[in-house]
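Input: a single structure, listed below in structure tokens.
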Amino acid sequence: MADYRELWTSLNMDLEKHDQLCEVLPELYGGVYLTQENRPEGMNYFNFVVSEVHGLRIAELDKHRKEGGKVLGTFCVFVPDEVILAANAISVGLCGGSQFWVPDGEKVLPRNMCPLIKAAVGAKISGTCPYFQSCDMLVGETTCDGKKKAWEILNEYVPVHVMDLPQMKRTKDYAMWMDEIKIFIEKVEELTGNKITVDNLKKAIEVCNAKRRALKRLYNFRKITPSPISGLDALLISQISFYDDPVRFTEKVNELCDELEERAKEMKAEGKKRIMITGTPMALPNWKLHHIIENLPAEVVVEETCTGTRYFENEVDAEGETIEALIKNMADRYLNINCACFTPNDGRVEDVLRYAEEYKVDGVIYYNLSFCHTYSVEYKKVEEALKKAGIPIMNIETDYSTEDSGQIKTRVEAFLEMI
Ligand code: BJ8
């Protein structure tokens, strides 16, 4: 990576601490990713993105801001990227996936809290995440209690706009969510000084839909036995989708898919067990579970998570001649996401059953970040439904540390033998 110290200094980063982080990532990436054999050529772009994760993209954000553009940080797949894009702003996903940030998060948050929140807050207060440092505004949402309260802490560092997400899906909740999107539009217009029009919003919807289609195309290849792409690589692409330029990203995913089309014809089945992961998101660089699974005779073929299907399923209808109509289309698409913060959330169980069939899975691993209560409670329903369908399931609750990796490996091994 080139020398970006001047840029990082201008972003008020803690360079000394950031150096420590920069030492960890390449080693981790090398051990998990570059040791995989026979990867598609198209993964070179994503290797490059990771190698420049705190460099080139940050320089792009910097350039955009110097030209008067704004950068918004988000933490949830319910935040409509279309609105941000339409106002010529850039959105970056800020969920933290590294243990490196957890101790700093614990300085201001209780320890018995989900690591994703602790890492995100720790990334900000340690001044070691250039994405956080590049944000003009953060967009929070009222999903789980931990996140809700974390916004108050983050607001002390950078302005946070919170979207009030309903927790049910009744007609009045759709109306309320439409209202929240309207308020969000006003907020984004105020921040950027750019008016959101039918025209620019439609274009933004098209860009986001194209990205969703590319990811769906990628996932469709994973339905083939054996999958022409590893679960680790697919996960990485999903993680990168949250902060790369959406048009370039879509192009690169489609290029990779063209290659996978050829690869799929040549792949030979190796008898690996096909696994679905369902549960909480895996933010970059959380590759722990996939790494464990794919070092055993198994492959992850689908993730029913927010760093998986929940991010790209369903498009926003681009038909409509008024802002009102497009807001309704966005509300309809987004409230279709089945997150455990909703009650009831039967749609998620249906999704899991449908994916189990479509991706021909041999077993399901329920992935729960420690202290995430909503997903933890929902395990029972998912387990019951899968057992009824004759699909084996196991539950793994873990955090970002590597201390339990050996134990998880033993449990996954036993699970694979059983299915
Ligand atoms: S739509 S999953 S991105 S809220 S893991 S912070 S829920 S305690 S990330 Fe999420 Fe939106 Fe739902 Fe998806 Fe809280 Fe659970 Fe932590 Fe979570």
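Take D362 and tell me if it is within 19 Å of the chain's Cα centre (by Cα), surrounded by 16 or more Cβ atoms within 10 Å (Cβ to Cβ), acidic (D, E) and outside the structural domain of V24 (by TED's automatic domain parsing). So D362 does not fit the description; no. For segment 379-390, residues that are farther than 18 Å from G308 by Cα and crowded, with 18+ Cβ neighbours inside 10 Å total 2. For G105, the requirement of being surrounded by 24 or more Cβ atoms within 10 Å (Cβ to Cβ), out of contact with any His (no Cβ under 6 Å at 6 or more places or on another chain) and either modelled with pLDDT under 95 or among the hydroxyl-bearing types (S, T, Y) (or both) is not met. Only one of the numbered conditions (1) within 16 Å of the ligand (Cβ to nearest atom); (2) surrounded by fewer than 21 Cβ atoms within 10 Å (Cβ to Cβ) is not met by R170, and that is (1). Does E324 meet the test of being in contact (Cβ under 8 Å) with a residue 24 or more places away in the chain, in contact with a helix residue (DSSP H, G or I) (Cβ under 9 Å, 6 or more places away or on another chain) and not aliphatic (A, V, I, L, M)? Criteria not met by E324.
Any residue at all in segment 120-139 that is assigned to a loop (DSSP other than H, G, I, E, B) and within 13 Å of the ligand (Cβ to nearest atom)? No: segment 120-139 contains no residue that is assigned to a loop (DSSP other than H, G, I, E, B) and within 13 Å of the ligand (Cβ to nearest atom).
A residue that is under 14 Å from E378 (Cβ atoms) and away from the ligand (no atom under 12 Å from the Cβ) occurs somewhere in segment 335-344.
Select from segment 253-286 the residues that are in a loop (DSSP other than H, G, I, E, B) and farther than 30 Å from S98 by Cβ and write down the one among them that is farthest from the ligand (Cβ to nearest atom). Checking each candidate, the answer is K268. The set of residues from segment 366-389 being within 16 Å of the ligand (Cβ to nearest atom), touching a Leu at 6+ places or on another chain (Cβ under 7 Å) and not hydroxyl-bearing (S, T, Y) comprises just one member, L369.
The values are calculated or read from the model by the stated rules, or taken from the named source; none is laboratory data. In this text the structure is predicted, and so the values were computed from the model without any measurement. Note that we place each Cβ from the backbone using ideal geometry, even for glycine, and neighbour counts take in every protein chain shown.
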